1. Out of all the residues in the stretch 114-136, is one or more among the charged types (D, E, K, R), within 20 Å of the chain's Cα centre (by Cα) and part of a loop (DSSP other than H, G, I, E, B)?
2. Which condition from (1) exposed (fewer than 10 other Cβ atoms within 10 Å of the Cβ); (2) out of contact with any Pro (no Cβ under 8 Å at 6 or more places or on another chain); (3) closer than 22 Å to Thr136 by Cα is the one that Asn106 breaks?
3. Could you say whether any residue in the stretch 34-49 is assigned to a loop (DSSP other than H, G, I, E, B), of a type in the set (Gly, Ala, Ser) and at pLDDT 75 or above?
4. Please go through the stretch 78-111 and give me each residue that is modelled with pLDDT under 80, of a type outside the set (A, V, I, L, M) and either within 16 Å of the chain's Cα centre (by Cα) or in a strand (DSSP E or B) (or both), ordered by number.
Amino acid sequence: ISNNSIVAVVTTNYNNSGSINYTIPAGFKCDSNRILAFTIIDKQKCTTSSSKFVIECCKTDSSCFCRPWKPILINGTKYDCNKTLSWKCNTPINFSNSYKCKPNNNSCKPITSWQIHENGNLLSSGNGLIGSYTPTANGTYVLT
């Protein structure tokens with residue numbers, strides 16, 4: 001289900017064994033990232049849904065190549081990815097990143113987004129190469 005609309009019927013008359021394997025069909029429309037969820041409707045028309053998940057669509061044109069991503073800038077200081085930082089509560093974390101693409105023109109620009117999680121819970125997200133978040137409590141925050 002996407003935007004409360006059925007995208008595809010995966011199976012019918014299924015005997016619940018606890019899991020379903022599903023392969024995204026070759027003709028799946030993927031013009032942008034898709035947020036989906038699986039919904040099960042039983043014989044009594046009761047429903048239960050999975051957590052939402054994202055199918056990330058990739059540009060397959062091999063003539064456009066974007067790498068390497070540069071180190072992330074946090075409040076103006078460069079950091080490598082997977083670095084753990086200590087931070088003060090109620091102090092904004094301003095972050096940005098950049099990339100190099102070939103060819104360097106409007107036909108070859110990646111779609112970028114970011115997310116901030118704490119204990120697996122999404123706290124904030126956005127699109128683009130620049131973002132900001134202010135932690136208000138002690139914890140471990142993950143920026144992806």
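1. no
2. (3)
3. yes
4. Answer for the stretch 78-111, where residues must be modelled with pLDDT under 80, of a type outside the set (A, V, I, L, M) and either within 16 Å of the chain's Cα centre (by Cα) or in a strand (DSSP E or B) (or both): Cys101, Lys102, Pro110.
The values are calculated or read from the model by the stated rules, or taken from the named source; none is laboratory data. Only a predicted model underlies this, so the values are computations on that prediction, with no experimental measurement involved. FYI the Cβ positions are ideal-geometry reconstructions off the backbone, even for glycines, and counts take in every protein chain you see.
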